[in-house]
Amino acid sequence: MIYIYMYFILIFIISFILLLINKFISMKKKMDFEKSSPFECGFNPITKSNLPFSLPFYLITMMFLIFDVEIILFLPMIFYLKSINSIITFLLISLFLILLIITLIFEWMNNYLNWMY
């Protein structure tokens with residue numbers, strides 16, 4: 001048990017030393033208007049940088065990413081169809097597809113699929 005405490009103390013000391021070395025070795029950065037602006041090309045902005053974004057577009061993008069990840073998780077199951085028991089594979093794929101369909105129905109019922117509210 002004492003070794004665990006010594007290990008954590010050693011990790012803390014090493015990370016603190018690395019932080020101090022980084023602080024002393026790093027270059028001092030001057031606060032400049034051009035460097036602190038969000039535009040890296042050096043042009044003056046014509047419009048405000050904090051424009052509001054479309055919330056429905058954000059929600060549809062998030063749903064696309066979620067379904068895209070689910071499809072990516074679904075594809076490797078095809079390769080294991082012959083190597084795993086067929087009943088287990090069928091149940092696994094069925095459960096996955098049922099969850100996908102339930103998620104789609106939930107989003108449809110809450111009007112998340114409409115572009116404008």
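Here are some notes:
- Contacts under 7 angstrom Cβ, first residue in the stretch 15-33 being of a type in the set (A, V, I, L, M), partner at pLDDT 85 or above and open to solvent by 100 Å² or more (accessible area, probe 1.4 Å), 6 or more apart: none
- The residues on offer are 20, 113, 55, and the sole one that is modelled with pLDDT of 80 or more and open to solvent by less than 100 Å² (accessible area, probe 1.4 Å) is 20.
- Pairs where the first residue, in the stretch 43-66, is closer than 30 Å to residue 107 by Cβ and the second is modelled with pLDDT of 75 or more and in a helix (DSSP H, G or I), C-beta under 7 Å, 6+ apart: 63/107
The values are calculated or read from the model by the stated rules, or taken from the named source; none is laboratory data. These numbers come from a predicted model, not from an experiment. All Cβ positions, even for glycine, are placed from backbone atoms using ideal geometry, and neighbour counts span all protein chains on display. Just the protein is used for accessible areas: all its heavy atoms, side chains included, with ligands, DNA and RNA removed. Shrake-Rupley method; radii C 1.70, N 1.55, O 1.52, S 1.80 Å.
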